[in-house]
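Q: Got a structure for you, written out below as structure tokens; questions coming shortly.
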Ligand code: 5GP
Ligand code: MN
């Protein structure tokens, strides 16, 4: 592939590299950035990871975390812009739609640096010079492993890089439970464990590390903030700013909450509405062939994967959940019946 050759050629001489990802990075986003960063540093490049926002503290163990610049940190903004402007290469990882960089978007777009986009989301925008993209990959970390192997540098993947990659693959497959958990996923994670990734340590750090506040918050959300529409096979959480304040919520505390709604017997669509400073952030999850990414794109300015997507709303929390309920009723046939028909055909 010609683009791969040009990418290989460019990284064969020292570059000033900026690596970024989407707003509120998850483990796949941050794991991709830090795996790529640690790898490029080994190749002799000057590398800076800049994230459009902060991210959960249960990801802070990854190697290189201390050097990450958070673009929302006002005291670092000027430095970050300077680094973007001087960059000769910019890596955009785990997103395909530049909007998801939020405040960083215009700075990255106005740069003349050689841009690389590595991602596994649907409908990519064509903004990069080199795109390594596949929706059949479960995680961007899976693609990064493949790319490093494809350019002949597997030997540079050490324990630290392997652990960043493992974390992204583990979380984007829901702990190896979602239908995207392919044979390839297991083959790659087996390689990563072989290189030294401590799989049980990583799952403990990510899944089994809670503050008392977070545990109480989850209990509160399940008992007081869960609406179940059993007839419509739908359940959702609505969390207000006040709720978040009451439990001193930190970034990452709502992570995974939506899965409790989806785990209910008979529920096939779940949503989480969280009231943030800049509007309502929405997470959608579904089972089987129900495409919540299309629903998110049509009605909530969002997108993502078929069974896990997100969006936003500028209405109030109550108006947003009312809109959601109405839309689920109106679209029930196309969301559910179509997917059942598809199932019968398969
Ligand atoms: P989460 O609910 O965990 O925030 O996101 C689930 C999936 O949807 C992720 O793959 C994420 O990248 C995608 N996603 C979340 N929010 C948005 C959004 O506002 N726009 C788009 N296009 N995708 C989103
Ligand atoms: Mn991902």
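Q: Residues to consider are 190, 139, 197, 113; find the one that is modelled with pLDDT of 95 or more, under 17 Å from the mean Cα position of the chain (by Cα) and outside the structural domain of residue 291 (by TED's automatic domain parsing).
A: Within the list 190, 139, 197, 113, the selection yields 139.
Q: Follow-up question, since we're still on this one. Go through segment 229-346 and tell me which helices (runs of 4 or more DSSP H), entirely inside it, have 1 or more residues that are touching a helix residue (DSSP H, G or I) at 6+ places or on another chain (Cβ under 9 Å).
A: 241-246, 257-262, 292-299, 317-330
Q: Within segment 5-57, which residues are within 16 Å of ligand 1 (Cβ to nearest atom), over 14 Å from residue 101 (Cα atoms) and either part of a loop (DSSP other than H, G, I, E, B) or at pLDDT below 95 (or both)?
A: Within segment 5-57, 56 is the sole residue that qualifies.
Q: Is there any pair linking a residue in segment 86-99 that is in a helix (DSSP H, G or I) to one that is within 16 Å of ligand 2 (Cβ to nearest atom), with Cβ under 9 Å and at least six apart or on different chains, and which?
A: 98/92
Q: Pick from segment 141-163 the residues that are within 16 Å of ligand 2 (Cβ to nearest atom) and under 21 Å from residue 9 (Cβ atoms): which of them is surrounded by the most Cβ atoms within 10 Å (Cβ to Cβ)?
A: 144
Q: Also, I was wondering about something else. Filter segment 106-142 down to the residues that are in contact (Cβ under 8 Å) with a residue 40 or more places away in the chain and part of a helix (DSSP H, G or I), then identify the one that is farthest from ligand 1 (Cβ to nearest atom).
A: In this case the residue turns out to be 108.
Q: Just name the residue that is surrounded by the most Cβ atoms within 10 Å (Cβ to Cβ) out of those in segment 99-129 that are within 16 Å of ligand 2 (Cβ to nearest atom) and closer than 15 Å to residue 303 by Cα.
A: Result: 119.
The values are calculated or read from the model by the stated rules, or taken from the named source; none is laboratory data. Worth saying up front: this structure is predicted, and the values here are computed from it rather than measured. So basically every Cβ, Gly included, is an ideal-geometry build from the backbone, and we count neighbours across all protein chains shown.
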